[in-house]
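What follows is a set of notes on a single structure, which appears directly below.
The values are calculated or read from the model by the stated rules, or taken from the named source; none is laboratory data. What you are looking at is a predicted structure, and each value in this text was computed from that prediction instead of being measured. Reconstructed Cβ throughout: ideal geometry from the backbone, glycine too, with neighbour counts over all protein chains shown. Areas reflect the complete protein model, heavy atoms only, side chains present, ligands, DNA and RNA absent. Shrake-Rupley method; radii C 1.70, N 1.55, O 1.52, S 1.80 Å.
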Amino acid sequence: MNTHLVSTTYRIAGIRGDLDVKWVLQELFDIFTEQGIGQATVEIAGDEQVLVVKHKPDQVPDRKVIAEAMGKAGNFQLLD
Amino acid sequence: MNPDFPIWLRASHLINFVLIGMLLRSGWEILSSLPRLWWSNDSAPGKEWLKFTKRELPKEEGVYTSLMDEKSLHPLLALPGRENIGLGRHWHGLAASLWLLNGLVYVVLLFATGLWRRIIPTSWEVFPDAWDSLLVYLSFRTPGIEHFTPYDSLQMLGYTFVVFILAPSMVLTGLGMSPAIRSRFPWYVKALGGHQGARSLHFIAMVLMAGFIVMHVGLVFLVHRENNLVHMVFGDVDTARAGQALFIVVITIVLVLLFWFFLSYWSLADRVRAHKFLVNATEPVRKGVFGWMRPRGSTQNVYTEKDISGFHWTNGLPPTAEESQEWLDARDSGDWHGWTITIGDDINGTEKVLTLDDLRKLPKHEYIATHTCMQGWSATSKWAGVKLKDLMPLLGPRPEGANYIMIDSYGLAQKMYDNRPREPFYAVVDMDMYNEDDTVLAYERNGKPLELHLGAPARLRVESNHGYKMVKWVKSIRWIKDYADYGDGRGGTREDSALQAFNGRI
């Protein structure tokens, strides 16, 4: 099987270090399958923080669900 | 001093207590990285016999990455905790090595001093006597002190089982999860039920050991406590000092618990420091025990086409447009038209660009092998490709000063150590790994072109190692002088970000 995947990048805020990254990803892992997400990465470059997720092109993750999951992890926000 | 409890016995007992706590806690760290157990070797979602997670996984291959299954354990429970499987594995290896050494010293002295007669039954009477003891316990009474000489029959059976059956089983099943052992002695791993059989049996042995510990410690305090405590602390039978013994035991338990917790927090405070200490401490054993084992994929007949797995997990997903448009264009062109791989020499600055057809013209090496991820999943496939040692000579002889081969990917790492923007996934192999027959740039799996999610069109295979060495979507393969000069300097993406060991043979 050869499924083609795409990435979607979101700007996020509130991450202070590696532990925060792990808390956020742990909450996201819980919703991965239902949202069709295959992989997620948090990248921090200076003040810029992004969440990059890989998913099938026809299964775009629900921003509201992602934001809720991040909120459950702590004071982390999905900006856009 | 009673001859039944010499100082070496009491010392090894205390050391065992410390080490078994480290083993259990680091083992739970490893299990938390993939909290599912299977008997079948393809470790397919939905086929677990036991799982410690509510997360559902998609049944489709290639749409999720196994790192998403990791759970995070508290540092008070696991060593070190907080999704650190790399460090957990190193703590497990260090504790296992010391535990085995302690156990061997204990067994040698047990037989050399004749004290084995206190533990190992020498009469069939032990069984009816043990049954009588069990009935007494089940009726919430305790056998009289005269039954303990110094152990009663139930203890003798229990200790014999734990020391001579359960402990060796834990070691043997643990070793069964080593890729170096599996690729050199596939019959051994198959006899354990494959990688998943070994993993599940190891887990069951852990549960039995943990249950024994709870029961053993409980009975020490519940059944003739004064006698037990003076035996253990002073090697004495005079219970006049039972109070002192109890105090020392309680303090010791508290200190040992604090030591276990300290190891977790020390590791987490500076994970790179912990990695350096642990890898240096464990590498002599890793190298000495596993370094000589060479894979025999194409000459073994233990794993055959009948063993090929129906499902193959993956760690890391194929490149997307933001990672490599070049790879995507080649993917979409049909038969990877336009795809190239570069072989190079970073020391002298030379390189050669090859196509998929160039690879296919080189001698083809085919074999059946089981892939294992250090997380715990596995899958058996028939791989085909070109041996690295047949590929790199296209560039010329090994350059002077070249000590390693670095392989990097069109795809980016899933995570960097400090969460900086992702860099290309890479791994490094040393000359021993390079020269193994089953270190291959594979372009076929199960007789067909390699699938996208498993590294198409070409990926690395290093069958003596775990999967984190096996770069997918390979872009370049280069001679280098020292891996310390690349990435974070630990010899690969998973070594850098997840603090795995460069030597992935266990």
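Residue pairs whose Cβ atoms lie under 6 Å apart, separated by 6 or more positions or on different chains, with the first residue in the range B:437-456 and in the same structural domain as B:Lys475 (by TED's automatic domain parsing) and assigned to a strand (DSSP E or B) and the second open to solvent by less than 10 Å² (accessible area, probe 1.4 Å) and among the charged types (D, E, K, R), are B:Val440/B:Arg461; B:Ala442/B:Arg459; B:Ala442/B:Arg461.
In the set B:Gly455, B:Gly489, B:Gly467, which member is open to solvent by 10 Å² or more (accessible area, probe 1.4 Å) and either β-branched (Val, Ile, Thr) or at positive phi (or both)?
On the way: B:Gly455 fails: open to solvent by 10 Å² or more (accessible area, probe 1.4 Å); B:Gly467 fails: either β-branched (Val, Ile, Thr) or at positive phi (or both).
Only one candidate qualifies: B:Gly489.
With respect to the numbered conditions (1) more than 12 Å from every other protein chain (Cβ to nearest Cβ); (2) over 15 Å from the mean Cα position of the chain (by Cα), which one is the sole condition not fulfilled by B:Ser66? That leaves (1) as the condition not met. Taking the numbered list (1) without any contact (Cβ under 8 Å) to a residue 60 or more places away in the chain; (2) over 33 Å from the mean Cα position of the chain (by Cα); (3) crowded, with 20+ Cβ neighbours inside 10 Å in turn, B:Trp339 passes all entries but (1). Here is the figure for the range A:41-51: residues that are open to solvent by 10 Å² or more (accessible area, probe 1.4 Å) and more than 7 Å from chain B (Cβ to nearest Cβ) total 5.
Residue check: A:Gly46 meets all listed conditions (1) modelled with pLDDT of 95 or more; (2) among the small types (Gly, Ala, Ser); (3) under 16 Å from B:Met416 (Cα atoms) but one, namely (1). Under the condition of being over 17 Å from B:His371 (Cβ atoms) and in contact with a helix residue (DSSP H, G or I) (Cβ under 6 Å, 6 or more places away or on another chain), the residues counted in the range B:295-308 number 0.
Filter the range A:52-72 down to the residues that are part of a strand (DSSP E or B) and among the β-branched types (Val, Ile, Thr), then identify the one that is nearest to the other protein chains (Cβ to nearest Cβ).
Filtering first and then ranking leaves A:Val52.
Looking across the range B:34-52 at every residue that is open to solvent by less than 20 Å² (accessible area, probe 1.4 Å) and part of a strand (DSSP E or B), the one that is nearest to the other protein chains (Cβ to nearest Cβ) is identified as B:Arg36. The single condition among (1) outside any loop (DSSP other than H, G, I, E, B); (2) within 14 Å of chain A (Cβ to nearest Cβ) that B:Leu31 does not satisfy is (2).
Of all the criteria given as (1) closer than 22 Å to B:Arg55 by Cβ; (2) touching a residue at least 24 places away in the same chain (Cβ under 8 Å); (3) facing chain B (nearest Cβ under 9 Å); (4) not small (Gly, Ala, Ser), the one not satisfied by A:Thr9 is (1).
Would it be correct to say that B:Gly316 is outside the structural domain of B:Glu83 (by TED's automatic domain parsing) and in contact (Cβ under 8 Å) with a residue 24 or more places away in the chain?
Details: outside the structural domain of B:Glu83 (by TED's automatic domain parsing): yes; in contact (Cβ under 8 Å) with a residue 24 or more places away in the chain: yes.
Against the criterion (outside the structural domain of B:Glu83 (by TED's automatic domain parsing) and in contact (Cβ under 8 Å) with a residue 24 or more places away in the chain), B:Gly316 qualifies.
Going through (1) more than 7 Å from every other protein chain (Cβ to nearest Cβ); (2) modelled with pLDDT of 95 or more; (3) not in a helix (DSSP H, G or I) one by one, B:Glu83 falls short only on (1). Remark: pairs (first residue in the range B:167-187, under 10 Å from B:Arg294 (Cα atoms) and outside the structural domain of B:Trp99 (by TED's automatic domain parsing); second residue of a type in the set (D, E, K, R) and surrounded by 22 or more Cβ atoms within 10 Å (Cβ to Cβ); Cβ separation under 7 Å; 6+ apart in sequence or on different chains) are absent. Looking across the range A:18-39 at every residue that is closer than 28 Å to B:Leu328 by Cα and open to solvent by 30 Å² or more (accessible area, probe 1.4 Å), the one that is nearest to the other protein chains (Cβ to nearest Cβ) is identified as A:Thr33.
Does B:Val471 count as in a strand (DSSP E or B) and either modelled with pLDDT of 95 or more or in contact with a Cys (Cβ under 8 Å, 6 or more places away or on another chain) (or both)? The answer is no for B:Val471. Can you tell me which of B:Arg10, B:Arg55 is farther than 30 Å from B:Ala240 by Cα, of a type in the set (Lys, Arg) and either in a loop (DSSP other than H, G, I, E, B) or more than 14 Å from chain A (Cβ to nearest Cβ) (or both)? Among B:Arg10, B:Arg55, only B:Arg55 is farther than 30 Å from B:Ala240 by Cα, of a type in the set (Lys, Arg) and either in a loop (DSSP other than H, G, I, E, B) or more than 14 Å from chain A (Cβ to nearest Cβ) (or both). For the range B:19-31, check the following and say yes or no: at least one residue is farther than 27 Å from A:Gln26 by Cα and either in contact with a Phe, Trp or Tyr (Cβ under 6 Å, 6 or more places away or on another chain) or open to solvent by less than 50 Å² (accessible area, probe 1.4 Å) (or both). So far as the range B:19-31 goes, yes, one or more of its residues are farther than 27 Å from A:Gln26 by Cα and either in contact with a Phe, Trp or Tyr (Cβ under 6 Å, 6 or more places away or on another chain) or open to solvent by less than 50 Å² (accessible area, probe 1.4 Å) (or both).
The lone criterion from (1) more than 7 Å from every other protein chain (Cβ to nearest Cβ); (2) in contact with a Leu (Cβ under 8 Å, 6 or more places away or on another chain); (3) of a type in the set (A, V, I, L, M) left unmet by A:Ile15 is number (2). When every residue of the range B:70-82 is checked against the conditions, at least one turns out to be open to solvent by 40 Å² or more (accessible area, probe 1.4 Å), charged (D, E, K, R) and touching a residue at least 40 places away in the same chain (Cβ under 8 Å).
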